[in-house]
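Working notes for the structure below.
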Amino acid sequence: MVNYLRLSVTDRCNLRCIYCVPREGLPLVDHSQILTYEEMLRLVRIGVQMGIKKVRITGGEPLLRKGIVWFIGELNSIEGLEKITLTTNGVYLPEMARPLKEAGLKGINISLDSLDPRLFKHITGMDCQERVIRGIEACQEAGIHPIKLNSVVIRGINDKEVTQLASLTFERDWHVRFIEFMPVSNGIFWSRERVVGHKEILERLSSEFGPLEELPHENLGGPARCFRLRGAKGIVGLISPVTHNFCESCNRIRITARGGLKTCLFSASEIPIIQLLRSGLSDHEIRSVLEEAIREKKRAKKEAATHSIRISSDYMSQIGG
Ligand code: SAM
């Protein structure tokens, strides 16, 4: 059942994470080629009629797009949409956490690859870890829940910090999630050796903290397997697209910053939904296109479940990570 839409609102990002974007940046899409908020709202309304219950706003860096708080408020008024969440690098959260909460944001994912400010700067290209930590605290104070902190674990870069990051869950009811390093973004910085598989992360955590309790899968949750360290308030999540194929249980579709519909992160093709919206098609006709894409996703899932992961030439910041 496809019930989850990831919506990229921009291809712009203020960070240059070594594994995501080349340091010199990427060619940017002209504003006229990016979906307007009105177009996105129309798409979400059509999606909700087809069973979409959760929208995650992403990018690029979604908080860079002007009017994002207004947009979240508009999404919040769509009947039948149960959950609006956001993925951000957190740099603008010290100022924006409260307005986002007031606009109706239900949960937030904040990227946090390191607790060491120097390493954070090395990874992201910007000296802003302190702002991100303040941003996380601002979300806590504003009452945004759940707060999920995402770390892409890269051997030789930040893998030594896994236990330190996980131990944040002793003090706070945050989710600390470890994401396997995927060969997207043209395989920039990626090699099989740099991937730290989840078996290894589980071993490291249990040797440091003792046996972990596995928790039931979240309703409308993504592909994370969730665990609790003994005595912890929060949750440790493991997302393992490289070592565990989860195509069979995938419940999501994506709209890229350029207004393309992608039914799989690793698919080379996308449907130019922006052109369909701008060519005067009715809601009914757009819905038929979305339904056919979802039927095709279901057909492709069985086959994809046997494939191993491959390098994708699409950049995460353009698809919407
Ligand atoms: N700017 C926002 C942020 O930093 O969270 C949203 C966009 S970013 C592309 C979304 C997520 O994709 C981040 O958590 C990032 O770490 C993750 N990501 C990017 N490249 C990745 C890769 N090669 N493997 C795994 N995750 C990746």
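Below is a table of values for the structure above.
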| quantity | calculated |
| --- | --- |
| Solvent-accessible area per residue for the stretch 4-319 (1.4 angstrom probe, square angstrom) | 45 Å² |
| Dipole magnitude of the stretch 4-319, debye to nearest 20 (Cβ charges: Lys/Arg +1, Asp/Glu -1, about Cα centre) | 340 debye |
| Dimensionless Rg over Rh [the stretch 59-209; C-alpha; Kirkwood] | 0.99 |
| Rounded to whole Hz, the Karplus (6.51, -1.76, 1.60) HN-Hα couplings of the stretch 170-182, x for glycine and proline | 6, 8, 10, 8, 7, 9, 10, 10, 9, 10, 5, 5, 9 |
| Under 22 Å from residue 298, Cα to Cα: lysines that are on another chain or at least 8 residues apart | 53, 54, 262 |
| Mean separation of Cα contacts under 8 Å (6+ apart) over length of the stretch 4-319, as relative contact order % | 20 percent |
| Neighbour net charge for residue 108 - beta-carbon separation under 11 angstrom, K R +1, D E -1 | +4 |
| Net charge of Cβ neighbours under 13 Å - reference residue 286; Lys, Arg +1; Asp, Glu -1 | -1 |
| Under 5 Å, built H, 5+ apart or other chain: amide partners of residue 150 | 110, 111, 112, 177 |
| The chain: calculated mean residue ellipticity at 222 nm from DSSP helix runs of at least 4, using -39500 (n - 2.57) | -10000 deg cm²/dmol |
| Fraction of antiparallel bridges per DSSP, the chain only, in percent to nearest 5 | 25 percent |
| Descending Cα extents along the principal axes, the chain, whole Å | 58, 45, 41 |
| Cα centroid separation, the stretch 192-246 to the stretch 11-30 (Å) | 29 Å |
| Extension gain from residue 299 to residue 248, taking 0.36 nm per residue of separation minus the Cα-Cα distance | 17.3 nm |
| By accessible area with a 1.4 Å probe, ligands and nucleic acids excluded, highest first: order of 173, 11, 30 | 30, 173, 11 |
| Cα-based helix-to-principal-axis angle, 93-103 vs the chain, degrees rounded to 10 | 50 degrees |
| Gaussian network model of the chain, springs between alpha carbon atoms under 10 Å - residue of 299, 155, 42 with greatest fluctuation | 299 |
| Interchain or long-range residues, amide H under 5 Å from residue 235's placed H | 174, 175, 176 |
| Shape call, the stretch 57-119: gyration tensor on alpha carbons, a/c limit 1.5 | prolate |
| Choice from 192, 45, 12 showing the highest fluctuation, given a GNM over the chain with Cα pairs closer than 10 Å | 192 |
| Built amide H within the under 5 Å cut-off of residue 12, gap 5+ | 61 |
| Gaussian network model of the chain, springs between alpha carbon atoms under 10 Å - residue of 179, 154, 201 with greatest fluctuation | 201 |
| Nearest-ten-degree value, helix 37-49 long axis tilted from longest Cα axis of the chain | 90 degrees |
| Solvent exposure ordering (accessible area, 1.4 Å, most first) of 70, 174 | 70, 174 |
| Carbon/sulfur fraction of accessible area - the chain, other protein chains in place, 1.4 Å, % | 52 percent |
| FRET efficiency, 1/(1 + (r/R0)^6) with R0 25 Å, evaluated for residue 281 and residue 186 via beta carbons | 0.15 |
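The values are calculated or read from the model by the stated rules, or taken from the named source; none is laboratory data. Please read all numbers here as calculations on a predicted model, not as lab measurements. Using ideal geometry, Cβ is built from the backbone for each residue, glycine included, and neighbour counts are taken over all protein chains shown. The accessibility values were calculated without ligands, DNA or RNA, using every heavy atom of the protein model including side chains. Shrake-Rupley method; radii C 1.70, N 1.55, O 1.52, S 1.80 Å.
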